[in-house]
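The values are calculated or read from the model by the stated rules, or taken from the named source; none is laboratory data. The shown structure was predicted, so the numbers you read here are calculated from the model rather than taken from an experiment. Because the Cβ atoms are built from the backbone with ideal geometry, glycine has one as well, and the counts that use them run over all protein chains shown.
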Amino acid sequence: MGFSAESTIYLFGILALLGLWLFHQRQVRLGRIQAIDVFDRSLVRFYVYVFPDDRLLCAICTEAQGRVFLPSIAEKNGFLPRGRPCRNTSPCQGYLIGLYGGWAEARQVVSLLQQAPKKSLIRLSCVELCTLVKGAWEQSVSADTDRINMHMLQGLCLGKADTRMAVQGLQYVVARARVARHLQLVVPAYLRLLDLLLKAGRVDEARQVIEQVEQRFPVNGPGMYAPSLTERKSLEEMKSLLWKTQSLKVSA
Ligand SMILES: [Zn+2]
């Protein structure tokens, strides 16, 4: 083989490797793949504290909406995501959702938290929260780990912006939660789902959800993840709202 033919083969080889590297970089930039640490076995790299997007919050909880924390902070005993007690007589209900976060927007949150000085509070605005939730998480390395929690976040953050997607997310949570860290979200997901269905006037679906909850969590029934007294009260309130709506419909 001549010198020039050999050089051409080498050149093609180098160009092919360069092309592959550029393709890899593009996939990483788009959040589709991640150069993952093979020793990283954690399921959660950060927590985000969220309240349902359509609730009127007290001043303390308004300030706490969208706060993000590293597990080293959020998993400490006695950790309080809002810092101070809620000021409402019937307290605003917030949820601390843990994510691995392999997609671009979530990775930005992780590096922001890692670089921030200790004790500083980092908070995502409503727009940033929506961008995080609508990111390409399903194409990321953490899709399976984050799936249930991401659907819960959709249900909490997209109630106003995209009710259909929020409802679908919550339906996914109640149907697919299997392990302890997800089962604790089932009752909150049912309550949020009911609330959204009632607000959207989807009364038949709301009635089915109530029947499902009553079957799954009978009063005085066992279960670690059964509704608390406050959650039972909310359920009863929504139930009576549903009967009122239905009787108004019948009498109209
Ligand atoms: Zn509050």
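Quick notes on this one:
- Scope the range 163-173; condition buried (at least 20 other Cβ atoms within 10 Å of the Cβ) and touching a residue at least 24 places away in the same chain (Cβ under 8 Å); matching residues: A166, V167, L170, V173
Listed here are the residues, each with its yes/no results for (1) more than 23 Å from M224 (Cβ to Cβ); (2) modelled with pLDDT under 95.
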| residue | (1), (2) |
| --- | --- |
| S142 | yes, yes |
| M152 | no, no |
| A166 | yes, no |
| Q171 | no, no |
| R181 | no, yes |
| L193 | no, no |
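- Remark: pairs (first residue in the range 175-197, assigned by TED's automatic domain parsing to the domain that holds Q212; second residue modelled with pLDDT under 95 and of a type in the set (D, E); Cβ separation under 8 Å; 6+ apart in sequence or on different chains) = V187/E231; P188/E231; L191/E231.
- Output for the range 36-61, where each listed residue is more than 16 Å from the ligand (Cβ to nearest atom), among the aromatic types (F, W, Y) and modelled with pLDDT of 95 or more: F46, Y47
- Residue in the range 52-104 that is surrounded by the most Cβ atoms within 10 Å (Cβ to Cβ), counting only those that are under 23 Å from A161 (Cβ atoms) and without any contact (Cβ under 8 Å) to a residue 24 or more places away in the chain: T62
- Scanning the range 62-82 for residues that are within 16 Å of the ligand (Cβ to nearest atom) and closer than 28 Å to S142 by Cβ gives A64, Q65, G66, R67, L80, P81, R82.
- Test: residue in the range 72-79 that is of a type outside the set (A, V, I, L, M, F, W, C) and either outside the structural domain of G155 (by TED's automatic domain parsing) or over 29 Å from T230 (Cβ atoms) (or both): yes
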